[in-house]
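The values are calculated or read from the model by the stated rules, or taken from the named source; none is laboratory data. Predicted, not measured: the structure shown is a model, and the values here were computed from it. Here the Cβ positions follow ideal geometry from the backbone for every residue, glycine too, while neighbour counts run over all protein chains shown. These accessible areas exclude ligands, DNA and RNA; they are computed on the full protein's heavy atoms, side chains included. Shrake-Rupley method; radii C 1.70, N 1.55, O 1.52, S 1.80 Å.
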Amino acid sequence: MNMKKSALAFIVCLFLVLAFGIVYIFSELYSEDEAPIPEITDAMRFKEEYEKVNGEKQGEATIRSLSISEENPFIYATEDDIVKMIEDKKTFVVYFGFSTCPWCRSVMESMIESAKKNNIDKIYYVDVLNIRDKYELNDKNEAVKTVEGSKGYYKLLELLDSVLDDYSPLTYKNKKGKTKKVVIDEKRIYAPNVVVIKNGNAVSLETGMVETLVDPYMELTNDIKNSIKCTFDCLFELMTENNTCSADTIC
């Protein structure tokens, strides 16, 4: 009886050893064949976000196709992140925009080229599409807020007040057919807005909107691209200690 038990125990142990051995061998083979999972960086995420809408329809127009480097400088941030960085007296560049913004896409490649030229390796990116408020005219032609902005957005309006433009007035036709404006007493973060912040202070804002860029869907000539790049060169040079650019510089 004892011999039978010993033999059975031996067989069980042998089976377990063989089973573990087979599992180990297959796990090693699988791990060798399995390709490493690539790290999804913010730069790659930005590239994918902006390129995935290439060629899509936007009303009757077609969204401009972009080719964005995998080594672009963009880092994702929220409006609350930027508020904290300003309050912490940080020095940085922030880009406000969104992937389907036609004007943003018109200046994007020139902005990236300029950032590389000026050694700007970090530009914080805040998608403003769904954080801003919105006003519309009611039946009395009064401006009424129809969409509330986020708390962080309103805080940014305070902190960036010195460089932001006013909210564009709403317009309507009166009974005589004349265009009337309804002014909104508020600043606005438009897209694109690229802001240089030094020690927590908003120094300058650039859009890249040069005079020759009259339509966000138009073909971009080399002259237009160079003009856009020049505006960002002047902006990014403000990040250096001995910058030679000024607000009066003509590109």
- line: Inside the range 86-124, the number of residues satisfying the requirement of being more than 13 Å from Asn72 (Cβ to Cβ) and basic (Lys, Arg) is 4
- request: Output the qualifying pairs, or none if there are none: Cβ atoms under 6 angstrom, residues six or more apart or on different chains, first residue in the range 193-216 and surrounded by fewer than 16 Cβ atoms within 10 Å (Cβ to Cβ), second residue assigned to a loop (DSSP other than H, G, I, E, B) and among the basic types (Lys, Arg).
  value: Asn199/Lys89; Gly200/Lys89
Residue that is of a type in the set (A, V, I, L, M), more than 24 Å from Phe46 (Cα to Cα) and at pLDDT 95 or above, where the choices are Ile184, Ile123: Ile184
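Mind checking whether some residue in the range 116-123 is touching a Gly at 6+ places or on another chain (Cβ under 7 Å) and under 20 Å from Lys198 (Cα atoms)?
No, the range 116-123 contains no residue that is touching a Gly at 6+ places or on another chain (Cβ under 7 Å) and under 20 Å from Lys198 (Cα atoms).
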- prompt: Do you know which of the residues in the range 48-86 that are open to solvent by 70 Å² or more (accessible area, probe 1.4 Å) and over 16 Å from the mean Cα position of the chain (by Cα) is nearest to Tyr125 (Cα to Cα)?
  reply: Lys84
field: Selection within the range 95-149 - surrounded by fewer than 19 Cβ atoms within 10 Å (Cβ to Cβ), outside any loop (DSSP other than H, G, I, E, B) and polar (S, T, N, Q)
entry: Thr146
- prompt: For residues in the range 15-47 being hydrophobic (A, V, I, L, M, F, W, C) and modelled with pLDDT of 95 or more, which is surrounded by the most Cβ atoms within 10 Å (Cβ to Cβ)?
  reply: Phe46
query: Going through the range 69-94 one residue at a time, which ones are without any contact (Cβ under 8 Å) to a residue 40 or more places away in the chain and either hydroxyl-bearing (Ser, Thr, Tyr) or not in a loop (DSSP other than H, G, I, E, B) (or both)?
result: Lys84
- prompt: Could we say that Val214 is among the hydrophobic types (A, V, I, L, M, F, W, C) and within 21 Å of the chain's Cα centre (by Cα) here?
  reply: no
- prompt: For the range 171-192, how many residues meet the condition of being closer than 29 Å to Ile82 by Cα and open to solvent by less than 70 Å² (accessible area, probe 1.4 Å)?
  reply: 8
- prompt: Does the range 51-68 contain any residue that is modelled with pLDDT of 60 or more and in a helix (DSSP H, G or I)?
  reply: yes
- line: Within the range 183-213, residues touching an Asp or Glu at 6+ places or on another chain (Cβ under 7 Å) and within 27 Å of Asn141 (Cβ to Cβ) come out as Lys187, Arg188, Tyr190
